[in-house]
Structure formats: C-alpha cells, structure tokens
Amino acid sequence: MNDSGSAPGHWRLDWPTSSGRAGRARLKCFPEDFRVDEHLGDAGGLAGEGEHLYLLLEKVGDNTDYVARTLAGLVGCRAFDVGYCGLKDRHAVTTQWFSLYRPGMEQDDAALIERIGEHWRVLSETRAPKKLRRGDHAGNRFTIVLRAVSGDRRSLDEALCRLRDRGAPNYFGPQRFGRGGGNLDKALQIDPARLNRRSKRGAKGGSQRTKNVLYFSAARSWLFNEVLAARVSDGSWRDPLPGESAAPVDAPTGPMWGDGGTDATGDQERLERDVVAQHPDIAALFSATRMKPERRPLVARPDNLTWCWLADDVLEVQFQLAPGQFATTVLGDVLELEDRSLGPDNQ
C-alpha cells in the first residue's frame, strides 16, 4: 500500500468546494424533506404501445432495487425484465418510472396495476417498445427542506446565487463509496481480470460479480473526484484545458478512467495522469480490464434553482439536475450538510 490517501480506511471523501461553505444545515430530518421527481421526457420513447408497461410510482422508505425485485415478484417475471433509469434514495419521497416486460398482455394491465397499487401509489402508466435503462430519463426535480440552518442569511443567499449562476463541482456523492469508503476497500481486493468474464445468468457467483462491478465503479468514480478536486484547487474546473477530449464549448470534462487511462491529450492528459499516478493501487485495477475511457462533465448545473425561507432556520430549495448528478454534492458546495438519515454520527 502507498501513503497517498488511498489505503484502506483512509479515503478522502470530502473534496474542495468552489468558494467555501456559507453555513451548516441538517438534511433528511424526515423523508418528506427530500423529494425527488423523475422526469422521463422523450428519452423513454413513450409511444403508448409496445411490449413494456411503464409505471410511474411514488414511494417512501423503499430503495429502487427493493421495488424492482418486488415488482418482478408481483409480475412473475425475471428481475432482469424490470427496468429503471437510476437509483433513488430510500430516505425520501420519490416518484420513479419502472418498465415491466409484458408482451401481448395489455388486457391484464389494469389488474396488475391494481395489485401494484396496494404497495405503491401509481401516478401514471403507458406502454413503450423498449426497456428502461440507466440514464434514459431527462433528469430529476428536487424539492429539499434544510433544517437547523446556521450562518449569515445574506451570505447564504449570495452563495445560492453563485450556485444558480455558476453551478458546482460535479463530484460523485459519498454514497457511491460506501460507509467510510468501504466500497473502495473492497475494490482493492478485486482481481481485475475477473470483471471481463461474463457469468451465465443464474450461475453461482453472479451476485459476487455484480458486487465487484459496484466496487470497480466506486474506484472509477473516486479517481474522477480526485481529478476534479485538483481542478477545483487550481481554479480550472469551469474551463476546458488544451487537450480536452471532444469537449463542447464551455463544458469541461474529467476522466472516467479505463483501459489506457484517459483519452485526453496535452495539458489535460498530463494533469489527469499526474493525479491518478498518486494512487497506483487504484490505477492498477484498470490495467487488466477492457473498459473504454469515458468523460464526465466537471460542472453540475442546477436548472431553475429557487429557494425560500420557511422559518428563520428552515430553508426550502428546488432545482433540477441532469442524470448522474447528485443533489447533496451540489448543495454541499455551499453548505456543510449533516445527513440525519445516516444516524446520529452522520457516518
């Protein structure tokens, strides 16, 4: 092991903010304080007909995986035949689309929806020709109530104005890395070559492979956060560097590390490889995989950001984010958040 901060139990999980935090607040004191509404947009191909039944469910206290497995049981299909666009927080009120593979069974949809309605509120239904997959949605709308807010109100309002106008560093949220970075500890134990072997469906060991993919994804996300942290520290996180890989104008990106590392060149490549070289144990995971390097935006831009004070120390914030962006990291750029859903030690 090295002493770079990526040894087990010593992971950095709180990265630099863009301008410093203006105060403190408590998050998720109650499930109703954190509402997420998923917007499918045109991405789901809502044609009104097709082999897949789409349902918009409202849930409280249930995570996405649990709902998907329960739906498979109610439908009598394989878990693989239940689709969704992304994971939603358990400690929240969330509306989320699920797809169920039911070819030629349109006449039974009403009875099935009634059964599902005994578990969750069904807000909408339609049919479409394809299964929902990760990232198929247009985005998520958040309504978040923050309690026990401390700090100068004028400074907080100014910080929220900056967030609205400039965005925030697009870090992956700490939930990606497990408690205390436990998913990263597990990643260091993976044989990278095993990730390239596909298990037969239902074969013994498939569950472990799924977990390994989760741990591997955590390692990839952590390296992205480390590169982004370097860009935040040197002030370049909002500006493309020479060598940016196929960047749109004013849309800087960072590396989702893969086989060969990064596809950036020039100054951008040098910076990214210098940062990752400080964590050779994590970088070694990618040497034996066939995962293609990808890019992720460095800036999270909360659309239609508004806020209002419900009381002297209670603040309601609303905004929309693109798929794959984390509301807690966006708000964490301006406030130090105590997540009450994680327990009294906030771990």
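The values are calculated or read from the model by the stated rules, or taken from the named source; none is laboratory data. Keep in mind that this is a model prediction, so the values were computed, not measured. As a convention, Cβ positions derive from the backbone with ideal geometry for all residues, glycine included, and neighbour counts pool all protein chains shown. Just so you know, the surface numbers come from the protein's heavy atoms only, side chains and all, with ligands and any DNA or RNA stripped out. Shrake-Rupley method; radii C 1.70, N 1.55, O 1.52, S 1.80 Å.
Things to note:
- D by Stokes-Einstein for the stretch 221-347, Kirkwood Rh over Cα pairs, 20 °C, 1.002 mPa s: 129 µm²/s.
- Proximity of backbone amide H atoms, modeled 1.01 Å from N, is registered between GLY139 and HIS39 at under 5 Å, excluding neighbours fewer than 5 places apart on the same chain.
- Computed [θ] at 222 nm, helices only, for the chain once each DSSP H run of length n ≥ 4 contributes -39500 (n - 2.57): -8000 deg cm²/dmol
- Backbone phi angles across the stretch 307-312, fed through the Karplus curve with coefficients 6.51, -1.76 and 1.60 (θ = phi - 60°), yield HN-Hα couplings of 8, 8, 8, 7, 7, 4 Hz in residue order; Gly and Pro are listed as x.
- Around the amide H of TYR171, modelled in the peptide plane, lies no amide H under 5 Å away from a residue 5 or more places distant or on another chain.
- Computed about its Cα centre, the charge dipole of the chain is approximately 1200 debye, with only Lys, Arg, Asp and Glu carrying charge at their Cβ.
- Sorted on the mean count of surrounding Cβ atoms within 10 Å across their residues, most packed first, peptides 109-120, 49-60 read 49-60, 109-120.
- Helix runs (DSSP H) in the chain reaching 18 Å along axis by Cα, Kyte-Doolittle at least -0.5: 206-234
- For the listed residue pairs LYS28/LYS59; LYS88/LYS211; LYS59/LYS186; LYS88/LYS131; LYS59/LYS131, the alpha carbons are over 23 angstrom apart in LYS59/LYS186.
- Cα-based equivalent ellipsoid of the stretch 43-108: semi-axis lengths in Å, sorted from largest, via gyration tensor: 21, 14, 9
- Taken per residue, the accessible surface of the stretch 207-293 reaches 44 Å², heavy atoms only and a 1.4 Å probe.
- For the listed peptides 306-313, 65-72, a ranking on the average number of other beta carbons within 10 Å per residue, highest first, reads 65-72, 306-313.
- When the alpha-carbon atoms of the chain are used, the pair Rg, Dmax equals 21.2, 62 angstrom.
- Note on the stretch 88-132: Rg/Rh from Cα positions, Kirkwood definition for Rh, rounded to two decimals, is 0.99.
- Around the amide H of GLY23, modelled in the peptide plane, lie the amide H atoms of GLU336, all under 5 Å away and 5 or more residues distant in sequence or on another chain.
- Leading residue at positive end of dipole, the chain (Cβ point charges), from GLN175, LEU321, GLN268: GLN175
- Accessible carbon and sulfur surface of the chain relative to its total accessible area, %, 1.4 Å: 48 percent
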